[in-house]
Amino acid sequence: MAQAAAVAKPPAPPRRRRASATPRRLPYLLIAPAALLMLGFIAYPVISVFYYSLQNYNPTKPWRNGFAGLDNFTHAFTNDPQFWDTLTFSAKWVVVEVGLQLLFGLALALIVNQTFVGRSIGRALVFSPWAVSGVLTSAIWVLLYNSQTGVTRYLADMGIGQYGTSWLSDPSTVFSAAVVADLWRGVPFFAILILADLQSVSKDLYEAAEVDGASRFQQFRNITLPHLKDAIVLSTLLRAVWEFNNVDLLYTLTGGGPAGETTTLPLYVANTSVEAHNFGYASALTTVAFVILLFFSIIYLRLSKFGGGDK
Amino acid sequence: MITEIAPARERESAAPQQPRKVRRAWDEVPRWQIYLPLGIYLVFTLIPFYWILLFAFRPAGSTSLVPWPMTLDHFQKVWTERSFGVYFQNSVYVGVATLILTTVVALAGGYALARFEFKVKRAFMLALLCSQFVPGALLLVPLFQIFAKLQMINSLGSVILAETVFQLPLSMILISGFIRNVPQSLEEAAWVDGCNRFSAFRIVVLPLLRPGLIAVGSFAFVHAWNHFLFALMFLSDQSKQTIPVGLNTLMSADSVDLGALAAGGIVAAIPVVIVFAFIQKWLITGFSAGAVKG
């Protein structure tokens with residue numbers, strides 16, 4: 001589309017070298033590679049997901065393939081308890097993770113924004129898990145949680161807990177164990193973004209507040225927090241979507257188990273399509289996930305009045 | 001509130017800085033309020049790192065809490081027997097290619113968004129914002145079908161393309177912000193001096209974008225290096241797989257070789273550590289929208 005519009009208006013060949021005259025085609029040429037990539041590998045797949053969600057489509061059972069109407073959706077909402085379980089777990093996972101990450105991230109950012117001896121090394125260490133991948137995080141926490149030589153063994157040596165405890169295979173502890181592992185890597189995300197924004201608060205404001213006798217808490221409430229609002233809203237939103245969608249960590253750490261205890265909706269979709277080859281049904285579940293994501297992001301943008309600006 | 005801040009900030013950066021007389025509030029925070037929570041958090045952050053180092057360097061079967069006597073057996077095993085040498089090379093290809101592709105495409109698009117008004121601009125911006133909510137994980141099946149049609153299954157190109165596409169929207173938004181921070185008058189001055197648009201961009205704008213581009217580029221590299229799902233799905237040959245897939249294979253074995261897993265994890269982390277040690281300085285400045293300060 002972008003190209004068509006560009007071709008429609010060939011620019012008059014410039015007589016003199018007047019660089020300030022903008023060739024009309026240039027912006028279209030510049031966005032064309034990005035636009036084409038996104039059309040081919042994001043827009044087209046999304047549309048095909050919508051299409052398949054209305055089909056029975058399973059390469060291993062081709063005789064049943066064909067138009068299914070809304071059957072896939074009806075099945076999900078009325079006949080598939082696993083769908084509701086995974087949806088509930090996703091919600092719980094996102095709320096707990098994002099809430100705790102924001103809390104700790106904000107606190108950490110405020111701390112490392114102070115002037116103190118060892119600040120730069122402190123920052124580097126605090127931020128370091130941020131770049132650790134989901135799979136590597138899993139590997140590290142598998143080492144920590146394993147029942148024979150993990151931390152539980154050494155805790156048991158000190159008289160805390162029992163030998164042979166495996167937090168990842170016990171349904172009563174697996175959620176907390178996974179939450180802690182993901183927190184370890186997720187907190188620095190908020191800390192980095194909030195710290196970056198903290199650095200753009202004008203120092204004059206604090207000085208003025210100080211002259212007026214404002215306490216440190218008042219300064220935080222009335223200067224820092226309003227300044228950070230946009231950054232907090234944006235990072236919370238992005239992180240919530242990211243936590244909802246991210247499957248690396250849970251896939252490798254718990255595999256969604258034990259007994260489906262930690263299966264999020266995207267993990268369930270992946271299992272349905274990759275293992276059960278039920279592409280039609282998986283597409284319907286994906287469509288549901290899209291609608292949820294869209295719905296929440298619109299509400300969120302409205303509530304925070306973030307959508308008001310140009311960006 | 002915010003609107004009141006903005007002019008104050010501009011004034012501050014415009015006027016020459018004067019030595020401050022008022023004592024700043026943050027100088028008065030009691031030290032223990034900084035060091036105590038920071039110390040506790042650092043224990044939580046660092047124990048997992050120590051743990052993986054411990055398992056990687058101590059001999060198999062040891063339960064000592066210090067990696068001594070030290071051994072490199074696990075590294076040797078993982079690099080050769082578990083083919084991490086091959087995975088490493090593949091991951092480097094994927095990371096570097098994604099970095100270059102993402103930065104170049106996002107730079108072109110970001111420049112258009114920052115400097116031109118054109119018909120589909122708003123629609124394109126909206127598409128960029130919306131596509132951030134589209135999860136790659138949920139598009140695995142259609143993407144697999146596309147790459148199958150393009151005969152790219154089992155080639156690193158599929159992973160590179162997929163990683164680039166999902167990095168693009170955010171990278172482009174960030175870069176267009178960085179470019180907007182460079183006053184257009186700088187470019188116009190260069191045009192007057194006889195530069196064309198491209199050379200003005202290269203000579204005047206590009207150097208000022210350096211912190212931002214380094215941040216965006218290293219994000220692209222690290223993300224592609226770390227990402228797991230696309231490689232798992234699109235690459236079936238063992239000789240084509242990447243480090244995260246190799247790690248997952250180690251973890252999902254029937255009896256996990258913890259020493260090899262730890263060594264593999266460290267191999268996976270080394271390039272990321274190097275990148276971040278290198279860009280630490282630019283990381284915060286790059287993202288504080290102050291790409292042109294100083």
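All of the numbers you see were taken from the coordinates with simple rules; none came from a lab. This one's a predicted model, so the numbers in the text were calculated from it and none came from an experiment. All Cβ positions, glycine included, derive from the backbone under ideal geometry; neighbour counts span all protein chains shown.
Scan the stretch B:195-202 and give yes if some residue there is facing chain A (nearest Cβ under 9 Å), assigned to a loop (DSSP other than H, G, I, E, B) and out of contact with any His (no Cβ under 8 Å at 6 or more places or on another chain), otherwise no. Within the stretch B:195-202, one or more residues are facing chain A (nearest Cβ under 9 Å), assigned to a loop (DSSP other than H, G, I, E, B) and out of contact with any His (no Cβ under 8 Å at 6 or more places or on another chain).
Consider B:Leu250 carefully, then state whether it is touching a residue at least 40 places away in the same chain (Cβ under 8 Å) and within 12 Å of another protein chain (Cβ to nearest Cβ). So B:Leu250 passes the test.
Being charged (D, E, K, R) and surrounded by 20 or more Cβ atoms within 10 Å (Cβ to Cβ) is true of B:Glu163. When we screen A:Leu265, A:Leu249, A:Leu225, A:Leu253 for residues that are facing chain B (nearest Cβ under 10 Å), surrounded by 20 or more Cβ atoms within 10 Å (Cβ to Cβ) and over 22 Å from B:Thr249 (Cα atoms), the only hit is A:Leu265. In the stretch B:107-124, which residue that is at the interface with chain A (Cβ under 7 Å from one of its Cβ atoms) and hydrophobic (A, V, I, L, M, F, W, C) is farthest from B:Asn181 (Cα to Cα)? Filtering the stretch B:107-124 for residues that are at the interface with chain A (Cβ under 7 Å from one of its Cβ atoms) and hydrophobic (A, V, I, L, M, F, W, C), the one farthest from B:Asn181 (Cα to Cα) comes out as B:Val120.
Per-residue answers, yes or no, for (1) within 28 Å of A:Pro129 (Cα to Cα); (2) of a type outside the set (Asp, Glu); (3) in contact (Cβ under 8 Å) with a residue 40 or more places away in the chain:
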{"site": "B:Phe55", "(1), (2), (3)": "yes, yes, yes"}
{"site": "B:Ala60", "(1), (2), (3)": "yes, yes, yes"}
{"site": "B:Leu65", "(1), (2), (3)": "yes, yes, no"}
{"site": "B:Asp73", "(1), (2), (3)": "yes, no, yes"}
{"site": "B:Tyr93", "(1), (2), (3)": "yes, yes, yes"}
{"site": "B:Thr98", "(1), (2), (3)": "yes, yes, yes"}
{"site": "B:Leu107", "(1), (2), (3)": "no, yes, yes"}
{"site": "B:Ser131", "(1), (2), (3)": "yes, yes, no"}
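Each row is one residue, and each column tells you yes or no for (1) at positive phi; (2) without any contact (Cβ under 8 Å) to a residue 60 or more places away in the chain.
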position	(1), (2)
A:Val187	no, no
A:Ala196	no, yes
A:Ser202	no, yes
A:Gly213	yes, yes
A:Phe217	no, yes
A:Phe220	no, no
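This table checks each residue for (1) more than 8 Å from chain B (Cβ to nearest Cβ); (2) under 20 Å from A:Ser235 (Cβ atoms); (3) within 23 Å of the chain's Cα centre (by Cα).
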residue	(1), (2), (3)
A:Ala107	no, yes, yes
A:Gly118	yes, no, no
A:Ile121	yes, no, no
A:Leu125	no, no, yes
A:Val132	no, yes, yes
A:Leu136	no, no, yes
A:Ala139	no, no, yes
A:Tyr154	no, no, no
A:Gly159	yes, no, no
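Here A:Glu261 fulfils each of the conditions (1) assigned to a helix (DSSP H, G or I); (2) in contact (Cβ under 8 Å) with a residue 40 or more places away in the chain apart from (1).
Return yes or no: is A:Leu143 of a type in the set (A, V, I, L, M), at negative phi and at the interface with chain B (Cβ under 8 Å from one of its Cβ atoms)? Answer is yes for this residue.
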